[in-house]
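The values are calculated or read from the model by the stated rules, or taken from the named source; none is laboratory data. Just so we're clear, the structure is a prediction, and the values are computed from it rather than from any experiment. Cβ coordinates were reconstructed from backbone atoms using ideal geometry, including for glycine residues, and neighbour counts include every protein chain displayed. Only protein heavy atoms, including side chains, enter the accessible area calculation; ligands, DNA and RNA are left aside. Shrake-Rupley method; radii C 1.70, N 1.55, O 1.52, S 1.80 Å.
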Amino acid sequence: MLTILYQDEYLVAIDKPAGLFVHRSFLDRHERYFALQLLRDQIGQYVYPIHRLDKPTSGVLLFALDQEVARALNDKFITRDIEKTYYALVRGFLAEEVRVDYPLKEKLDKIGDKYASEDKPAQAAITQFTTIAQGAINKPLGRYDTVRYSLVKASPETGRRHQIRRHLAHLRFPIIGDVNYGDNKQNPFFAEEFGYRRLMLFAQKLAFEHPVTKKPLVIEATFDQQWLSVFEKLGWQDIKV
């Protein structure tokens, strides 16, 4: 059963677990379960996805309960009227504050986007990063004596595909567990050291004006047990978001 973070007669938001697709697509023909289907069955009515989280990303996922509200919320995402907050565990010690303004070429699926133009220019992409904590494992890896990590808060101002993952890779501080843009030495080390393989990216918060009541709405999820076990091992028990 999915964890429902917020629900009223217009909206519903869940805490999407890592490893779950939002909805069926060309790339997941062998998957049996999807967030849209599971939530629809759980609450007994159709839901309209407003945005997407990649399969390996966990956290706040928002749905509308009718088409009109879905259109209003989609407009808010397009006009950047929804504040999004993510947390990522990255390789190395990232600086305290980093603003990345680095345009990104659109990422196309070979199947789903086979008719899309590959000649589109790079699109504006801006992300603000704030380092929340830093820690190290005292074991050698490659040419380094220790393995360093930073917990980073990411506030994307635009919504390009894989934006946070690609911006952190651009900075050379890739997200742990990222099989597309990550570190092929760090990822196996992390899996062996902590006991699991996953993308360490968490969609923690959405904040926006409710499209019907016009009241401020903040929807938040909490770190799951795997994240908390990382915090404990790195001495970050006092982390609060």
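Would it be correct to say that Leu199 is open to solvent by less than 30 Å² (accessible area, probe 1.4 Å), assigned to a loop (DSSP other than H, G, I, E, B) and in contact with a Ser or Thr (Cβ under 8 Å, 6 or more places away or on another chain)?
Numbers: open to solvent by less than 30 Å² (accessible area, probe 1.4 Å): yes; assigned to a loop (DSSP other than H, G, I, E, B): yes; in contact with a Ser or Thr (Cβ under 8 Å, 6 or more places away or on another chain): yes.
Yes.
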(message) Regarding the stretch 32-44, can at least one residue be identified that is open to solvent by less than 10 Å² (accessible area, probe 1.4 Å), modelled with pLDDT under 95, closer than 20 Å to Met200 by Cα and not in a strand (DSSP E or B)?
(response) yes
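Just the residues that are assigned to a helix (DSSP H, G or I) and open to solvent by less than 60 Å² (accessible area, probe 1.4 Å), please, taken from the stretch 153-187. Talk me through it step by step, then tell me what you get.
Filtering the stretch 153-187 for residues assigned to a helix (DSSP H, G or I) gives 163-170, 186-187.
Within the stretch 153-187, Gln163, Ile164, Arg165, Arg166, His167, Leu168, Ala169, Gln186, Asn187 meet the criteria.
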(request) Hey, can you tell me all the residues within the stretch 56-93 that are assigned to a loop (DSSP other than H, G, I, E, B), open to solvent by 40 Å² or more (accessible area, probe 1.4 Å) and within 15 Å of Ile175 (Cα to Cα)? (result) Pro56, Phe93
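Can you tell me which residues in the stretch 110-129 are open to solvent by 30 Å² or more (accessible area, probe 1.4 Å) and modelled with pLDDT of 75 or more? I'd like the intermediate steps shown before the answer.
Going through the stretch 110-129, the residues open to solvent by 30 Å² or more (accessible area, probe 1.4 Å) turn out to be 110-124, 128.
Across the stretch 110-129, the qualifying residues are Lys120, Pro121, Ala122, Gln123, Ala124, Gln128.
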(message) Looking at Thr213 and the list (1) open to solvent by less than 10 Å² (accessible area, probe 1.4 Å); (2) modelled with pLDDT of 95 or more, which single condition is not satisfied?
(response) (1)
(request) Select from the stretch 189-232 the residues that are closer than 20 Å to Thr85 by Cα and hydroxyl-bearing (Ser, Thr, Tyr) and list them in ascending order. (result) Thr222
(request) Restrict the check to the stretch 61-82 and report whether at least one residue is within 26 Å of Glu157 (Cα to Cα), at pLDDT below 90 and over 19 Å from the mean Cα position of the chain (by Cα). (result) yes
(message) Looking at the structure I just gave you, is Val218 open to solvent by 20 Å² or more (accessible area, probe 1.4 Å), of a type in the set (A, V, I, L, M) and in a strand (DSSP E or B)?
(response) yes
(message) I'm trying to understand the selection: among the residues of the stretch 130-152, which are among the hydroxyl-bearing types (Ser, Thr, Tyr) and buried (at least 18 other Cβ atoms within 10 Å of the Cβ)?
(response) Tyr149, Ser150
(request) Check whether at least one residue in the stretch 20-31 is surrounded by fewer than 14 Cβ atoms within 10 Å (Cβ to Cβ) and within 25 Å of Phe223 (Cα to Cα), and report yes or no. (result) yes
